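Asker: Pasting a structure below so you can have a look.
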Amino acid sequence: MIHQHPLITLAEVREDKLHILKTRLEDIRVSLLNAQMSEQPVEFGKVSTLHYGRWVILSRDSFRDEPAIPVGIRLVLTTNYDGIGNDHEDYHLAELVTQLTQYIDDLYECCVGYPEPEERTEESRKNFLKKGLIRTSAFYNGAPGRSVSQIHQEDSLHQHIWKFLKNKKWDEGTPAVEIHRAIKQEIDSRPEFEWTKEKAGVQGIKWLSLIAYGVLFIVMLPLIIGWLVYLFIFHELWDKKVTLAQSDLDDTKINELKKVEDIFPQNQFTQVAVLKPGFARRLNFRIWMFRTRVLAGDIFVKGKLLNIPTIHFARWVLIDKNKHVLFFSNFDGNWEQYLGDFIDQSGWGLTAIFCNTVKFPRTNFMGVLGIIPGMPLTFPGSKFVLTGGAYDEEHFLAWSRSTQVPTQVWYCPYRHLSIKNVNNNTMIRNELRQDLTEEQAKLFLKRF
Amino acid sequence: MTALELSEIQAYLLSDYQQMGYSKYYLMQVKDAAATKNFLAAIAHGITHANATITDTCFNIGFTSNGLKQLGYNETNMHSFSREFREGMVTEHRQRLLGNFESSDPSKWQWGAPANDRIDLILMVFGKDEAIAEDFYNGIKDKFETALSVIHILDGKAMPDNREHFGFRDGISQPVIKGSGLPPCGNNNDIEPGEFVLGYKNEYTVYPDTALLKIAQGKPELLADNAEGLADERTKVKYKDVGQNGTYFVLLQLQQDVDGFWEFWKKQSVETDEKKRNEEATMLAAKMMGRWPGGAPLVKYDKDPGVDVTDDNFKYVKEDASGNKCPFGAHIRRMNPRDVFEESSPKVSLSLTRRHRIMRRVRSYGEDFIGSAENHKPNGEVGLLFGCFNANISKQFEFLQYTWGNSPKFKRLYADPDPLIGVREDPEKKLGQIFTIPQATTNRVISDMQSFVTVKGGAYFFFPSITAIKFLATI
Ligand code: HEM
């Protein structure tokens, strides 16, 4: 099974070149879009390990709130990639700089310290990008273990069987197992589907990890409760009520964001927020990052993050001496649905993380109940405890929009597949080779 | 439960005026702002509010954001209206969201697009019949002749048994606003007022974004303080609320290709015998709608009962988890997934779907024609004046149209837009457009779906309270 990893690298932009950089990014965006619209191959497609990728300019202007430390202008590159080989990061970077050489040169020569033209080699380009690498705090993958090529393969399998089923007439009352068998025969007869003979690895929930987490939780419970009460009394109660509403948002900014949204059934989201000052808030953020890391890595492995079934990849990254936090995601549907889902289904999860950032809508006990994974929001009393934070819909949506950062270039390799499609396709592949009962076969046929 | 201030709220929100056989929507432009304000002052008391006894006529009024600007509404104050309302229905992004392309492209609209004449307000006149409606209009006409000019008139009617032109009974599943005095309806249809009226708490138990008067103009003393208690940070004085007891109205003129609709379903039928083919076509059309022509829900009725059934007491999890009865892609299952919101538990789903409801207010236009597999050639253009009220256009109407309607990735589907309102004439090739009908073993797939509904015009309106209309007359 090939694992997917997050990569993020920052480069300092030369102020005198900012303008050129922006133009070049826009050129890349437009040519990518045009190619995609006309179903032409795109440059990014040459990077075989690349799932999603994006370039974002991060500067003082990207911050809604006063940054905790002065920040320059940075070009952020993030990718989600297939881990190939022992040094998979190196392998991926090598692919990036060899397959996207033109893009890399064009963009990074606007950055401080990029090798001069005569010094540019695969090695020097790679080393430049490596210098800016930073660690991802928490990473979520909606289809763990699915490489880009596997996703494309399984897509073609789904399409092939779909057409096969559609074009064939079955007598009424044909048992599902018989149809299942016929499909298997059809696929067996086609050499291009030879690969289906091998079962796809699908990551299961790591129960040990879940149990360890549970035990840790119980052992720590008194501490956790004390911590929550402490935070409540000494921090939350003192937070100012946030009243920024959606109608207060800056039109120019919103329009800039919307310009690139909802062109395809998938979208991206980039966000930067400033952590609240003080040790307690930072520690609290770390605790919740730890929790999210464990949950996202070991428990949320079935295509749902905090119950949200529309996310392909997401991650949180601390930057600037751990004083600022970046959030990135790639998801199905539109911003409103996505955020709506967030508040609807996992208000606690988000609240717990983001309440540690400046001017987040006021919280009480920052979603204490949410420590338990999968905790439904209708739990008795949860309304009372969880008043505020993400449940404060109007202000939460405004908070999220106002801290969002425009994404200059965004690439997604399988924009015609939702994350549910991706996971469903893998199930098709695996169930194809299994002996199914009539009931199971019926469910198998429902996948089309 | 907070009781609604009924005599402040325009009645069309709370009543579908089915007894009003005829309606005329006058889309108007302000010629003279001062005269318009005089007109507003003169007719404010005559607007049908939810406490009024309804006799032979009803009269309601709404404003576009352009209209408010024409009246001299302050720019800063304007900003506290919702973005959707301020921007209007036609922006580049919204065109993508609402899927208004090809024949539905705003550049081809008859009204409401930037290329058409600007629309400032809508006067809605309802009468038991056409003559009564016109009489009423003629009675008030001289009051605004110098003030307003008529840009476009939309005639509408309530068709017998609430049918729409394709032949289906409409207006069955509707929310009931808590505190409105109407009897509770059950079936998850009882909804917090803030989903439909500004100034009340919504399903998240917060107040929806409302139109605060941040800069004093006109006679603010007419208005109440905002219910949430928001105040100016420096002076601590609470803002007056122009939105209180008001709501937003979405209006779309949707042309219906009744002949194309039934021809398509007949072509999809495998039966050759004429009668059987018509039956199959009706079954397929019902699959697409989620109800039989008479309204009987597929979830409860395997066969067409042949009579009108306005039953709304059903859910999907227990009754039809497989979709074998009512396809996941059916219009009503998408527009209100009831207890199956994504993959949440039934209980959570019900609470989530309550946050995405709209109050539909539709009228038909064109010939009084009710289509069927046997009879589907109306004379001239026919269609639906689709209207709906909501407190948050983005979370309600636009969410339904895009996320539940146009998105081909609804639920686990691959390439299925809403078969009624989400189909594009020129879809992305790689995806195609299909309608999947789950069956006991292999699903039935209708490929190359066609669009039978074309947008001819549309706009977002603000429907102020009676007091807010009086206030607008003073700005
Ligand atoms: C020509 C266009 C349309 C036609 C012919 C049509 C027809 C129908 C019919 C026959 C029903 C079933 C009756 C009922 O449950 O009340 C229905 C339900 C519904 N429609 Fe439409 N409709 C159209 C456009 C739209 C649009 C544009 C929207 C919103 C974006 C919409 C939203 C709904 C909703 C929310 C329901 C109720 C679903 C439920 O609660 O179960 N419709 N429609």
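Asker: Order of A:324-332, B:268-276 by packing, highest average Cβ count within 10 Å first?
Answerer: A:324-332, B:268-276
Asker: Towards the positive end of the charge dipole of the stretch B:232-338, with charges on Cβ (+1 Lys, Arg; -1 Asp, Glu), say which of B:THR282, B:GLN256, B:PRO327 has the farthest Cα.
Answerer: Positive-end residue among those listed: B:PRO327.
Asker: Under the rule of -39500 (n - 2.57) per DSSP H run of 4 or more residues, summed and divided by the residues of the protein assembly as shown, what mean residue ellipticity at 222 nm is obtained, to the nearest 500 deg cm²/dmol?
Answerer: So the helix-based figure for the protein assembly as shown works out to -9500 deg cm²/dmol.
Asker: Where is the GNM fluctuation largest for chain A (alpha-carbon springs, 10 angstrom cutoff): A:TRP316, A:TRP170, A:TRP207?
Answerer: In the Gaussian network model the winner is A:TRP170.
Asker: Let me know the longest stretch in chain A that avoids all GluC sites (Glu not before Pro) found in a DSSP loop with at most 14 other C-beta atoms within 10 Å.
Answerer: Result, exposed sites excluded: A:199-448.
Asker: Mind running the shape call on the protein assembly as shown? Use the C-alpha gyration tensor, a ≥ b ≥ c as the square roots of the eigenvalues: rounded below 1.5 for a/c, prolate if a/b tops b/c, oblate otherwise.
Answerer: In terms of gyration-tensor shape, oblate.
Asker: Specify which residue in the list B:PRO419, B:PHE314, B:ALA473 is farthest towards the positive end of the charge dipole of chain B, using unit charges on the beta carbon of Lys, Arg (+1) and Asp, Glu (-1), about the Cα centre.
Answerer: Checked the options; the winner is B:PHE314.
Asker: While we're looking at this one, here's another question. For a test of the definition: using alpha carbon positions, the gyration tensor, and the 1.5 limit on a/c, classify the stretch A:3-144 as rounded, prolate or oblate. Before the final figure, lay out each step's value.
Answerer: On the way: a/c = 1.28, a/b = 1.18, b/c = 1.09.
It comes out rounded by the Cα gyration axes.
Asker: Rounded, prolate or oblate: which fits the stretch B:88-185, taking a ≥ b ≥ c as square roots of the Cα gyration tensor eigenvalues, rounded meaning a/c under 1.5, else prolate when a/b beats b/c? Don't jump to the answer; show the numbers that get you there.
Answerer: On the way: a/c = 1.68, a/b = 1.06, b/c = 1.58.
Cα axes put the stretch B:88-185 in the oblate bin.
Asker: With angles folded into 0 to 90 degrees, how steeply does helix B:274-289 sit against the dominant principal axis of chain B? Use alpha carbons for both and round to 10.
Answerer: Approximately 40 degrees, to the nearest ten.
Asker: Here's something else I'd like to know. Can you tell me the dipole magnitude for the stretch A:3-144 around its Cα centre, using point charges on the Cβ only (Lys, Arg +1; Asp, Glu -1), in Debye to the nearest 20? Walk me through the numbers before you get to the answer.
Answerer: Numbers: 16 positive and 23 negative charges, 81 e Å.
Value, rounded to 20: 380 debye.
Asker: Using Cα-Cα distances under 8 Å and only pairs 6 or more residues apart, what relative contact order does chain A have, in percent?
Answerer: On the way: 692 pairs, mean separation 110.3, N = 448.
For chain A, the relative contact order is 25 percent.
Asker: Continuing with this model, one more query. With charges set only on the Cβ (+1 for Lys and Arg, -1 for Asp and Glu), what does the dipole of the protein assembly as shown come to about its Cα centre, in debye to the nearest 20?
Answerer: It comes to approximately 2200 debye.
Asker: Another question about this same structure. Pick out, from A:HIS92, A:ALA138, A:LEU25, the residue whose Cα sits farthest towards the positive end of the charge dipole of the stretch A:3-144, with +1 on the Cβ of Lys and Arg and -1 on the Cβ of Asp and Glu.
Answerer: Of the listed residues, the answer is A:ALA138.
Asker: Also: Please give the charge dipole size of the stretch B:213-335, origin at the Cα centre, charges +1 on K and R Cβ atoms and -1 on D and E Cβ atoms. Round to the nearest 20 debye.
Answerer: 420
Asker: With respect to the cross-link table entries A:LYS258/A:LYS420; B:LYS395/B:LYS470; B:LYS31/B:LYS395; A:LYS130/B:LYS430; A:LYS206/B:LYS429; B:LYS287/B:LYS430, which display a Cα-Cα separation exceeding 32 Å?
Answerer: Numbers: A:LYS258/A:LYS420 25 Å; B:LYS395/B:LYS470 29 Å; B:LYS31/B:LYS395 34 Å; A:LYS130/B:LYS430 37 Å; A:LYS206/B:LYS429 40 Å; B:LYS287/B:LYS430 25 Å.
Pairs exceeding 32 Å: B:LYS31/B:LYS395; A:LYS130/B:LYS430; A:LYS206/B:LYS429.
Asker: For a quick check, take a GNM of chain A with Cα springs below 10 Å and name the residue from A:HIS395, A:HIS19, A:HIS312 with the largest mean-square fluctuation.
Answerer: Highest fluctuation among the options: A:HIS19.
Asker: Continuing with this model, one more query. Please compute the contact order of chain B in relative form: average sequence separation of alpha-carbon pairs under 8 Å and at least six residues apart, divided by the residue count, as a percent. Walk me through the intermediate numbers first.
Answerer: On the way: 1042 pairs, mean separation 111.1, N = 475.
Once divided by the residue count of chain B, the mean separation gives 23 percent.
Asker: Counting only other chains, what is the mean number of Cβ atoms within 10 angstrom of the Cβ of each residue in peptide A:242-251?
Answerer: Shielding by partners across A:242-251 averages 4.
Asker: Ok, one more. Take each complete run of DSSP H in chain A, measure how far its Cα atoms stretch along the helix's own axis, and keep only those covering 24 Å or more with mean Kyte-Doolittle hydropathy at least -1.0; list them.
Answerer: Qualifying helices: A:18-37, A:148-167, A:207-234.
We did not get these values from a lab; they are worked out from the coordinates using the rules stated. From a predicted model like this one, the values you see are computed outputs, not experimental measurements. Using ideal geometry, Cβ is built from the backbone for each residue, glycine included, and neighbour counts are taken over all protein chains shown.
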